[in-house]
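**Q** Got a structure for you, questions after.
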Amino acid sequence: MTPEQLFTIGLLGAIIGLDVVSFPQAMISRPIVAATITGMVLGDAAAGLLVGATLELIALETLPVGASRYPEWGSASVVGGALFAMRPNVMPGALTMAVLGALATAWVGGWTMYVIRRFNGAIARRWIPTLGLGSGRAVIAIQTAGITADFVRGGILTLVAMLALDPLSRAMVGLWSLDARLSRAVVIAAAASVAAGATWKLFHNTPGARWYFLGGLAIGLALLMAR
Amino acid sequence: MSARAAVVDAPSLPVHTWVEIFIRQLAVQASWNYELLLGTGIGFCLEPALRHLPGGREGDAYRGAMARQSAYFNAHPYLTAVAVGSLARAELEHAPPGQIERFRTALCGPLGSVGDRLVWAGWLPFCSLLALAAFGLGAGPVAVLLIFLGLYNVGHIGLRVWGLRVGWTHGMRVAAALANPVLRHGPTYIARAAALLAGVALPLALDRIIEPGRTLLGGVLLATVGGAALLARLHGRIEGWRIALGVLAAFALYAVVAR
């Protein structure tokens, strides 16, 4: 990984991390988007899309509801996309390590979002007397501080993750002893299990949803067999 | 006053003020924190409208309104547009401060629960699953991005624009607009469509990702059914992504150690 690549990935992580909560929540931070864009930037969009789709299956279960603590998929998907796009994807273990790296980053990213919320709270507390006087400047200062802190958070998280995970992933893939078929099958079984569990979690309270799911499954399997 | 009369009587704001409010809406959560939640974000979005109060930025009306509007607030971020539109109108029509504060508090619950069900548990998974289905059917990177981002943001931007408009049109009588059929029945229809899409997308996406391991597809399908049943049983106790992280970490270690 060259310094230019590292800088580009860090910048992408900062911009995409910002989309998770702060600005503009247009869902460029969804794994299927963030990892694909990262792959495009690094010259292998197809690899980015593959890891992005795998992570998207896992991210289906995350509802980014207000005060709850959840994994930060934006910067994490940039890391996953970069780890996979920088390695020939025919190498056994490359996808496993990219998904694993993204999951670990998403976990730490969730914690960094909690830290940023505490930071925003501290800033707001400092400005509360001025807010009480109706200062528009105070409101703008608080919003600007929050958005800047979140941008820096995403950038640092991505840089640190890449610096730690790129050499680790390279070493692990080099030592990988299992064949590509099994390696890929384990990743997809884990991701698909989470996705199917998430589907149940999201829709089991909706009247009739299980029949729609079964109908869709019949269509999906028929399309698969027709190939 | 009828809704029609309310439209006629609405004060007017210049287009550039609306554009500024809309852009600020996209950053309504920029300072989200555990003390005020979205409070300062609401003040931030309303600020361009409040400059039109008598005396402008230095006037007492502006300061009083900014102080009120920057206090604690919680809602779904996209549906805060409804609050911003209606609160802007209430302030510019000089509604009594106590009434505005009570109205502001009353908005939090409905705008939070409706938004969470409609967007986070409905529209977002629906668009994700559609993108996964397209991926499974062989769509390339650009097509998948266009499908997901295009469709999702038609809903996202549309909801924000609708929210500002309906809030401004109805002012403090906006509760009636929240009974809109899309908000009441939309989550159920979207959930059914998403459940159908989930059934289509999962096997197709799985087949495309597994490519070199297609001979193991039967085993993967069985493992998926077993894994999903386990996760459904553990619902609320542990999240699936944590289990996936543990399983993949153990598998990676095994793949290296078994050398």
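Read-outs: derived from the displayed coordinates by stated rules, not from any lab. Worth saying up front: this structure is predicted, and the values here are computed from it rather than measured. For neighbour counting, all protein chains shown are included, and Cβ atoms are generated from backbone atoms with ideal geometry for every residue, glycine included.
**Q** Return B:142, A:21 ranked ascending by Cβ neighbour count within 10 Å, so the fewest neighbours appear first.
**A** Least to most surrounded, the residues fall as B:142, A:21.
**Q** How many angstrom lie between the Cα centre of the stretch B:109-178 and the Cα centre of the stretch A:187-227?
**A** 22
**Q** Quick one: putting +1 on the C-beta of Lys and Arg, -1 on the C-beta of Asp and Glu, what dipole do you get for the stretch B:7-95 around its Cα centre, in Debye to the nearest 20?
**A** 100
**Q** Continuing with the same structure: So how far apart, in nm, are the two label points at residue B:146 and residue A:181 if each is 7 Å from Cα heading toward Cβ?
**A** Simple spin-label model gives 3.7 nm for this pair.
**Q** A further question on this structure: So which residue, out of B:244, B:121, B:81, gets the largest mean-square fluctuation from a GNM of chain B using Cα contacts under 10 Å as springs?
**A** Ranking B:244, B:121, B:81 by mean-square fluctuation puts B:244 first.
**Q** Related question: Can you compute the FRET efficiency between residue A:211 and residue B:105 using 1/(1 + (r/R0)^6), with r the Cβ-Cβ distance and R0 = 41 Å? Round to the nearest 0.05.
**A** With R0 = 41 Å, the Cβ-Cβ based efficiency is 0.50.
**Q** I need the helices of chain A that pass two filters: whole DSSP H segments spanning 18 Å or more by Cα along the axis, and mean Kyte-Doolittle score no lower than 1.0.
**A** Membrane-span-like by this rule: A:3-21, A:45-59, A:136-175, A:180-203, A:209-226.
**Q** Given contacts defined as C-alpha pairs under 8 Å and at least six residues apart, what's the relative contact order of the stretch A:106-227, whole-number percent?
**A** Normalised by residue count, the contact order of the stretch A:106-227 is 19 percent.
**Q** Enter the angle in degrees (range 0 to 90, nearest 10) between the Cα long axis of helix B:141-170 and the first principal axis of the Cα atoms of chain B, meaning the one along which they spread out most.
**A** 30
**Q** Report the per residue volume, in Å³, of the convex hull enclosing the C-alpha atoms of chain B.
**A** Hull volume normalised by residue count: 181 Å³.
**Q** Here is a follow-up. How much net charge surrounds residue B:211 when only other residues with a Cβ under 11 Å from its Cβ are counted (Lys, Arg +1; Asp, Glu -1)?
**A** Summing Lys/Arg as +1 and Asp/Glu as -1 gives +3.
**Q** With unit charges on the beta carbon (Lys/Arg positive, Asp/Glu negative), name the residue among B:74, B:114, B:29 whose Cα is farthest towards the positive pole of the charge dipole of chain B.
**A** B:114
**Q** Taking each residue of B:224-232 in turn, how many C-beta atoms of other protein chains fall within 10 Å of its C-beta, and what is the average?
**A** What the average comes to for B:224-232 is 6.
**Q** Based on the alpha carbon coordinates of chain A, what radius of gyration and maximum Cα-Cα distance (Dmax) apply, in Å?
**A** Here Rg and the maximum Cα pair distance are 19.9, 68 Å.
**Q** A further question on this structure: For residue A:46 paired with residue A:204, estimate the spin-label separation in nm (one decimal), with each label point 7 Å from Cα along the Cα-to-Cβ line.
**A** The modelled label-to-label distance comes out at 3.9 nm.
**Q** For chain A, build the charge dipole from Cβ charges (+1 Lys, Arg; -1 Asp, Glu) around the Cα centre, then report which of A:226, A:35, A:151 sits farthest towards its positive end.
**A** Sorting the options by dipole projection puts first A:151.
**Q** Residue by residue through A:73-83, how many Cβ atoms from other chains fall within 10 Å of the Cβ on average?
**A** Per-residue shielding by partner chains comes out at 0.
**Q** Treating only the Cβ of Lys, Arg, Asp and Glu as charged (+1, +1, -1, -1), what charge dipole size does the stretch B:96-218 show about its Cα centre? Round to the nearest 20 debye.
**A** The dipole magnitude comes to about 400 debye.
**Q** Could you give the size of the charge dipole of the stretch A:105-227 about its Cα centre, using +1 on the Cβ of each K and R and -1 on the Cβ of each D and E, expressed in debye and rounded to the nearest 20?
**A** 260
**Q** So, counting K/R as plus one and D/E as minus one, what does the shell of residues with Cβ under 10 Å around residue A:198 add up to?
**A** Neighbour charge sum, excluding residue A:198 itself: -1.
**Q** Could you tell me which of A:81, A:101, A:124 has its Cα farthest along the dipole of the stretch A:1-157 towards the positive end, charges placed at Cβ (Lys, Arg +1; Asp, Glu -1), taken about the Cα centre?
**A** A:124
**Q** By count of other Cβ within 10 Å, fewest leading, how are B:185, B:156 ordered?
**A** Lowest count first: B:185, B:156.
**Q** Sort A:54, B:188 so that the residue with the fewest other Cβ atoms within 10 Å of its own Cβ comes first and the one with the most comes last.
**A** Final ranking by Cβ density, sparse to dense: B:188, A:54.
**Q** If a/c stays under 1.5 just call it rounded; otherwise compare a/b with b/c (prolate if a/b is bigger, oblate if not). Do that for the stretch B:217-259, with a ≥ b ≥ c from the square roots of the Cα gyration tensor eigenvalues.
**A** Judged from the Cα gyration tensor, the stretch B:217-259 comes out oblate (a/c at least 1.5, b/c at or above a/b).
**Q** Who wins for biggest fluctuation among A:111, A:211, A:73 in a Gaussian network model of chain A, springs between alpha carbons below 10 Å?
**A** In this elastic network of chain A, the residue with the biggest mean-square fluctuation among A:111, A:211, A:73 is A:211.
**Q** I've got another one for you. In the Gaussian network model of chain A, springs joining C-alpha atoms below 10 Å, which of A:123, A:28, A:58 carries the largest mean-square fluctuation?
**A** A:123
**Q** I would also like to ask the following. Counting alpha carbon pairs within less than 8 Å and at least 6 residues apart, what relative contact order, in whole percent, applies to chain B?
**A** Answer for chain B is 19 percent.
**Q** Hey, what's the Kirkwood Rh for the stretch A:38-135 if you take every pair of different alpha carbons, in angstrom?
**A** The Cα-based Kirkwood calculation yields 15.1 Å.
**Q** What average number of partner chain Cβ atoms lie no more than 10 Å from the Cβ of the residues making up B:156-163?
**A** For this peptide, the per-residue mean of nearby foreign Cβ atoms is 1.
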